[in-house]
Amino acid sequence: MASLFSAIDWSKQSLWISVFSIAFNPTAWNIVARNEYRNKTITRLFGGNARYGCYFLAICIFFAGIIRDTLYERALNEQPRQQILPQPYATVVPAILFLLGQTFVLTSTWALGVTGTFLGDYFGILMDHRVEGFPFNVLRDPMYVGSTMCFAAGALWYERPVGLLITLYVYIVYVIALRFEGPFTDMIYSKRAAQTSESKKEL
């Protein structure tokens, strides 16, 4: 393992740009979403239409994700190549990881819908009930897990040891993001439940 991580060129600017973009995305979206919840900044830009505002944010998040993945691939390509897994595992393992990761990402997006996936609850677009079908009956946070698996798949496919280190970093970033995102989302739904209960009492 030590020999693998010694095959990392820390001087490459592309490595640090990739690391920055990975941390930037979830941090930026959490800040933007919390501001939206409190101040309705994006909603006001779309004439008070929260759904259009959420679609706009979804497009921003989607393309920022593409840029992040492109920067990751560029960082890998500029790093030394070294065999990580013996054949045929060097091909089979990353392919399976990527397919599973994409399955978790795509099926969770399908289950949640656009507004459920892209922070619609911060816009006041709340789901009627908790999604409990696949992949949420297998993983608590399938989108983040699936994304992390794809990062690992890229590292193994291109045989770049630095990718494994970046994958670990991705996991840590997601864990931190969830510590902020999860409780805030729970608060939004708890507040709605309390308001609904109060309205029923008034009736």
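The values are calculated or read from the model by the stated rules, or taken from the named source; none is laboratory data. These numbers were taken from a predicted model, which means no experiment stands behind them. Virtual Cβ from ideal backbone geometry, glycine too; neighbours counted across all protein chains shown. Heavy atoms of the whole protein, side chains included, go into the accessibility calculation; ligands, DNA and RNA do not. Shrake-Rupley method; radii C 1.70, N 1.55, O 1.52, S 1.80 Å.
Quick notes
- Each residue in region 116-135 was checked for being more than 22 Å from LEU57 (Cβ to Cβ) and touching a residue at least 12 places away in the same chain (Cβ under 8 Å), and 3 pass.
- Scanning region 116-142 for residues that are in contact with a helix residue (DSSP H, G or I) (Cβ under 7 Å, 6 or more places away or on another chain) and over 22 Å from ARG51 (Cα atoms) gives GLY133, PHE134, PRO135, PHE136, LEU139, ASP141, PRO142.
- Cβ-Cβ contacts under 7 Å between residues 6 or more apart (or on different chains), taken from a first residue in region 153-180 that is farther than 21 Å from GLN79 by Cα and assigned to a helix (DSSP H, G or I) to a second residue that is among the small types (Gly, Ala, Ser) and open to solvent by 20 Å² or more (accessible area, probe 1.4 Å), are listed as VAL173/ALA23.
- Those residues of region 116-132 which are in a loop (DSSP other than H, G, I, E, B) and over 15 Å from the mean Cα position of the chain (by Cα), in sequence order: GLY124, ILE125, LEU126, MET127, ASP128, HIS129, ARG130, VAL131, GLU132
- Residues (at pLDDT 95 or above and closer than 22 Å to SER11 by Cα) located in region 80-98: none
- Conditions (1) within 30 Å of ALA7 (Cα to Cα); (2) open to solvent by 60 Å² or more (accessible area, probe 1.4 Å); (3) basic (Lys, Arg): number failed by ARG160: (2)
- Only a single item in (1) at pLDDT 90 or above; (2) outside any loop (DSSP other than H, G, I, E, B) is not met by GLU198, and it is number (1).
- Flag: VAL145 matches the condition of being part of a helix (DSSP H, G or I), touching a residue at least 40 places away in the same chain (Cβ under 8 Å) and open to solvent by 50 Å² or more (accessible area, probe 1.4 Å).
- Checked against (1) assigned to a helix (DSSP H, G or I); (2) open to solvent by less than 60 Å² (accessible area, probe 1.4 Å); (3) in contact with a Gly (Cβ under 9 Å, 6 or more places away or on another chain); (4) not polar (S, T, N, Q), LEU139 meets all criteria but (1).
- For the residues TYR171, TYR122, the requirement of being open to solvent by less than 60 Å² (accessible area, probe 1.4 Å) and modelled with pLDDT of 90 or more singles out TYR122.
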